[in-house]
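Engineer: Mind looking over this structure? Questions follow.
Values in this text are rule-based calculations from the coordinates and carry no lab data. Everything quoted here is computed from the prediction, not taken from an experiment. Quick reminder, even Gly has a Cβ in these numbers, built from the backbone with ideal geometry, and neighbours come from all protein chains shown.
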Amino acid sequence: MPRVELLRLAHARSGDKGDTANVGVIAYEEEDYPLILEQVTAARVKRHFGDMVKGPVERFRLDNLHAVNFLLHGALDGGGTVSLMTDAQGKVFSTALLRMEVEVSDAVARRVRGRGRIPPNRGRRGP
């Protein structure tokens, strides 16, 4: 079964609340939301980040938005006001999570090819 980076199926935003990073993952297409629910679990996100997340990972479904929200407890070395981390507000956790690979069908792999970091050229000219 083909594997694609999550960024082909969703976009994400992240931030902080004290020592907890908050990451929202939003499906581009409603039809991909069940796949995200199935494969992007709290346990899998915890494994993906490894030692970067010291505490538990919680997942909250936002079905009406076709999104999930993760709380990564103990991910910010105390948080923005006390941490010496380069990213004490957790802004890069969303980008890091979008690098997670998920298994998809051949049809989904074809449909999402080219989607992600660089938007497709939709008739624009020039660089």
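Engineer: Kindly put Ile36, Ile26 in sequence by how many other C-beta atoms sit within 10 Å of each C-beta, fewest to most.
Structural biologist: Neighbour counts put them in this order, fewest first: Ile26, Ile36.
Engineer: At 0.36 nm per residue, and after removing the present C-alpha to C-alpha distance, how many nm does the segment from Lys17 to Leu62 gain when stretched out fully?
Structural biologist: 14.3 nm
Engineer: A follow-up question, please. Largest first, please: the extent of the C-alpha atoms of the range 3-112 along each principal axis, to the nearest Å.
Structural biologist: 47, 26, 20
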